[in-house]
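Read the structure below first, then the notes.
Values in this text are rule-based calculations from the coordinates and carry no lab data. Note that the structure is a prediction, hence the values are computed from the model and not measured. Cβ placement follows ideal geometry from the backbone for every residue including glycine, while neighbour counts extend to all protein chains displayed.
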Amino acid sequence: MSVFQSPILWIVVVVVAVAAIFLFINHRNPAARGGFVDYLTDPEDQEDSVKSQEREEAAVKAAQDWDDGKVASMTRRFVLEATSTHEVSDQIGILRSLGERTHPAVLNLLRDASLYDRLVKPDGEAMMAESPFNRACTLLGDSPGDESVKALAPFLSDRSPEIRRDASFAIAKTGSVTVAPLVRKAFSDPDEYVRSYALMGLGFAMDRSGLADTLRPELFPDVMHLLRANQNDDEAPDLLYRLDSTQATDYFLSPEVFTVESPILHEVLEVLAKRKVPVPRDRLQSLISGLEVGKLNHPKNYSLGEALRLLGQLQREEDRDFLQSRLTHPDERVAKGAAEGLLCSLGLEGLAERIWDAEKQSGYGSLSENQRLYRAVFLCDDEINNGGLAQFFANSSGDRWRDALAGFKAMGFEERLAVLTEAIAIFGSNGPSEDQRVRKDQLSRLMRRDDDLFDALDSRYYKSSEVMQVFASRFVLGNPEAFR
């Protein structure tokens, strides 16, 4: 969640998501060509995109020479006169590139009591309308600075939850010694997202080592209270651990929490596994036995998956057969947990990151054959899940389609292998080119004739019952020395 800059970016994300859905629907409708299909089939569209990016980069570079007066003028104009960040994405890119140079102008606007009503009033009547305050907080970025706390504080009492969310996020991100009362106020807010954004803001402050030392013991009980009230359990457990790992671990392993009946068990187990906290084996075994009794619905299946992962982290040889037996579990979350646990047990955890680091340092060709197959399969899967087979072939990952094909076969996939094989056959007997530019030309020609070219294959891929992590883990476990 640390990728989110402010609630206004949530708005942008939603807009982009809606646009993506719209384009996906258009892709399925021969009468409504647009978006990605147009980009692939229209060379002028591709050229315009490149030129637009070049213009934006040039504008960002030119803005570095602005004097303080122009920075203040452009900041004020963006905050007060823009109708939405989405519509002026070029401006937000330029202003964000200026970093803290925009902060004095932003704070002057927030401190001006005569502007309050204008700042909190949404622009227009659109469903996702935003206010000038939202845009101001976007410019404050990840490090709003201690001096912004007093300017932001009045907005934490606004009647609009959208305003309170941004205010709580920005205030908490400062990590200032003065924010404890304001953060507590956010934690008591009836809106779940106001509480959530305060938690995320504290996480941002900790990420940059900007959280005042006195805040850790001050706020630990307040975060604990959220958990005991079963509130914001997606974010609170990890933050509690980061505030005081010893106290948090004691609480997580207490009879109150470390039990099948606990409403926050899954989130707590996830934090323990993420932080690699060694949990007593006998307690894990007892918990797993309890989770396997009765109907395995959500969130029990998630809890069981994390418990299996924790069991594997103990690296006990006598647990490996047990974990192996759960690889074929009908519940995907449990099977994934068993696969991750087995990899941990054999010291293979983090292999994907090691392969990626090796590729960045020495190139794809430096990887062993099995590492290349593993890397290519997951690149292919990521691309297809993100934008379908057309995106896979259009992007540079498609250069490795032969390794992806060989990888799906070596790992024992049948459904996914069949889909990729049929997609490759569409390009002819030689398959697609391994040169991205040539392949994009091939793809453009094919999609100009039929822009629904991959729809049925995409659908089959998405519906596949084959769990990527499980099949890939079996492959790794069969060739462990290639991945150490």
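Given the -39500 (n - 2.57) contribution per DSSP H run of 4+ residues, what per-residue ellipticity at 222 nm results for the chain, rounded to the nearest 500 deg cm²/dmol?
Working: 27 runs with 316 residues, N = 484.
Using -39500 (n - 2.57) per qualifying helix, the result is -20000 deg cm²/dmol.
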Task: Simple Cβ-charge dipole of the chain, Lys/Arg +1 and Asp/Glu -1, about Cα centre, in debye nearest 20 - done: 420
Open item on the list: Quick test of the membrane-span-like rule: which DSSP H helices of the chain reach at least 27 Å along their long axis (C-alpha atoms) with mean Kyte hydropathy at least 0.0?
Closed with: 7-28
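Give me D for the chain in µm² s⁻¹, whole number, from Stokes-Einstein with Rh from the Kirkwood sum over alpha-carbon pairs, 10 °C and 1.306 mPa s. Before the final figure, lay out each step's value.
Details: Rh = 25.7 Å.
It diffuses with D of about 62 µm²/s by this estimate.
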Open item on the list: Using a Förster radius of 22 Å, what is the FRET efficiency between Asp146 and Arg184 based on their Cβ-Cβ separation? Nearest 0.05, please.
Closed with: 0.75
TODO: Find, to one decimal place in angstroms, the Kirkwood hydrodynamic radius of the stretch 409-484, where the mean of 1/r is taken over every pair of different Cα atoms and then inverted.
DONE: 14.5
TODO: For an R0 of 25 angstrom, estimate the FRET efficiency from the Cβ-Cβ distance between Ser52 and Ser73 and round to the nearest 0.05.
DONE: 0.50
Open item on the list: Please compute the modelled spin-label separation between Ala62 and Asp112, points set 7 Å along Cα→Cβ, answer in nm with one decimal.
Closed with: 2.6
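Can you give the FRET efficiency for Gln285 and Glu466, using 1/(1 + (r/R0)^6), R0 = 22 Å, r = Cβ-Cβ distance, to the nearest 0.05?
Details: r = 30 Å, r/R0 = 1.34.
For Gln285 and Glu466, the calculated efficiency is 0.15.
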TODO: Note down the nm distance, to one decimal, between modelled labels 7 Å out along Cα→Cβ at Arg216 and at Val293.
DONE: 4.0
Open item on the list: Just to be sure I understand the model, the point goes 7 Å from the Cα along the line to the Cβ. What's the resulting Lys121 to Ser459 distance in nm?
Closed with: 4.9
- [ ] Find which of Leu420, Ala404, Leu477 sits farthest along the positive direction of the dipole of the chain, computed with +1 on the beta-carbon of Lys and Arg, -1 on that of Asp and Glu, about the Cα centre.
- [x] Leu477
